[in-house]
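Bear in mind that the values in this text are calculations on the coordinates, not laboratory data. Please read these numbers as outputs of a predicted model, since none were measured by experiment. As a convention, Cβ positions derive from the backbone with ideal geometry for all residues, glycine included, and neighbour counts pool all protein chains shown.
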Amino acid sequence: IRIEIANTGNVHASDIEVILCEYDADDMMAEIRKNDNMCDEDSIVMRQIIGALDKPDDSQDERVIELYMLYPVTAGSKNVYVVVDPGNTIVEANEGDNVVRISQELGSSNPFLDVAGEVVGKVALPSMIVLLTFSLFGVLYLVGRGRRAAVKDRIAEQSSLMSVLGDEADN
């Protein structure tokens, strides 16, 4: 998501926090504004902090920066909001322009791969644990079989030596 943030004031702004919030409900803008531009912690999908944004000089009306945030697309219809300065920690003349709803439709360029990746991600770890456990038992079996064969060979060798030594003692 491409975000443009503008400083139209006469003061340098630093440590500007930008968050993306995702809600199932249709209009959460009033709720977000009522909570000092704070989203519920479980609805925040991305968070980024901008180090500083200078005040505009005399030749400019505003100082604008462009920011790109990755939005992890999930299946279904969601409402996504961009919130700049959650908690209103930066003093501004107009605090009402810090929340914007993303109106354009967000989607993936290849939804099949997204679903496949999500399924593989959920199945891969347990599958790998089971596979590695069976592999470990396989290695344990092969090592045990090899050692057992070595012990049997050693016993057979000692038995044959005992029989040869026993034959010499009888003579």
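In the range 13-28, the residues that are assigned to a strand (DSSP E or B) form Cβ pairs under 6 Å with partners that are charged (D, E, K, R), at six or more places apart or across chains, as follows: Ile19/Arg47; Glu22/Lys78.
Residues in the range 91-116 that are of a type in the set (D, E, K, R), within 23 Å of Ile16 (Cα to Cα) and in a loop (DSSP other than H, G, I, E, B): Glu92 alone.
Here's the yes/no breakdown for (1) exposed (fewer than 10 other Cβ atoms within 10 Å of the Cβ); (2) closer than 21 Å to Glu22 by Cα:
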| residue | (1), (2) |
| --- | --- |
| Pro56 | no, no |
| Tyr68 | yes, yes |
| Thr89 | no, no |
| Glu118 | no, yes |
| Arg147 | no, no |
| Asp153 | no, no |
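So that you can scan it fast, the table gives a plain yes or no per residue for (1) in contact with an Asp or Glu (Cβ under 9 Å, 6 or more places away or on another chain); (2) of a type outside the set (A, V, I, L, M, F, W, C); (3) under 30 Å from Val11 (Cα atoms):
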position	(1), (2), (3)
Arg47	yes, yes, yes
Asp57	no, yes, yes
Tyr68	no, yes, yes
Tyr71	yes, yes, no
Lys78	yes, yes, no
Ile90	yes, no, yes
Asn110	no, yes, no
Ser135	no, yes, no
Leu140	no, no, no
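With respect to the conditions (1) outside any helix (DSSP H, G or I); (2) loosely packed, with under 13 Cβ neighbours inside 10 Å; (3) not β-branched (Val, Ile, Thr), Cys39 falls short on a single one, namely (2).
You will find that of Glu95, Glu105, the residue that is surrounded by 12 or more Cβ atoms within 10 Å (Cβ to Cβ) and acidic (Asp, Glu) is Glu95 and no other.
Quick grid of which residues meet (1) under 23 Å from Glu118 (Cβ atoms); (2) polar (S, T, N, Q); (3) free of Cβ contacts under 8 Å to residues at least 60 places away in the same chain; (4) in a loop (DSSP other than H, G, I, E, B):
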site	(1), (2), (3), (4)
Ile3	no, no, no, no
Asn10	no, yes, yes, yes
Asp61	no, no, yes, yes
Glu66	no, no, no, no
Ser77	yes, yes, yes, yes
Val82	no, no, no, no
